[in-house]
């Protein structure tokens, strides 16, 4: 796992593009695990607080209870359609996955810093004909793949 700052230090250009995509709109989607192990999808907002990627939650929210029980989390950034006249102009969508660490546990609201296990951008190539998947994780670093 890596903090947001460690991700930025390891791969500054890619981290900057992930950040821009995640911050492009206010509302994102997150996945947590319910008590029985099945996924729960919830809306969330992210905050870049100093060197941390952070999420918050209202007091007693089920997504916060999920994270207290099992801190694994995935966040999917906002998406949009590729421009019809120029598909390669689509900046893509970003995803991060990792572990949520609760901070300020004495507050009635919940605040979690995210330790990054993986960051991904999915977009189209310059010709707009192939899917490009860029990813980073602390163990293997940055990787770029194209798919038909």
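Read the figures in this text as sums done on the coordinates, not as results from a lab. Computed from a prediction, not measured in an experiment: that's the story for all the values here. Virtual Cβ from ideal backbone geometry, glycine too; neighbours counted across all protein chains shown.
Length available on full extension from residue 68 to residue 104: 0.36 nm per residue minus the Cα-Cα distance, which gives 11.7 nm. Taken as Cα centroids, region 18-88 and region 100-148 sit 11 Å apart, rounded to the nearest whole angstrom. If the segment from residue 9 to residue 142 were pulled out straight at 0.36 nm per residue, it would be longer than the present Cα-Cα gap by 46.6 nm. Neighbour counting of Cβ atoms within 10 Å sorts the residues 110, 27, fewest neighbours leading, into 27, 110.
Note on the chain: GNM, Cα springs under 10 Å; of 112, 14, 48, the largest mean-square fluctuation is that of 48. Relative contact order, whole percent, for region 4-87 stands at 32, derived from Cα pairs under 8 Å and 6 or more residues apart. Segment residue 129..residue 45, full-extension length gain: 27.0 nm, with 0.36 nm per residue of separation and the alpha-carbon distance subtracted.
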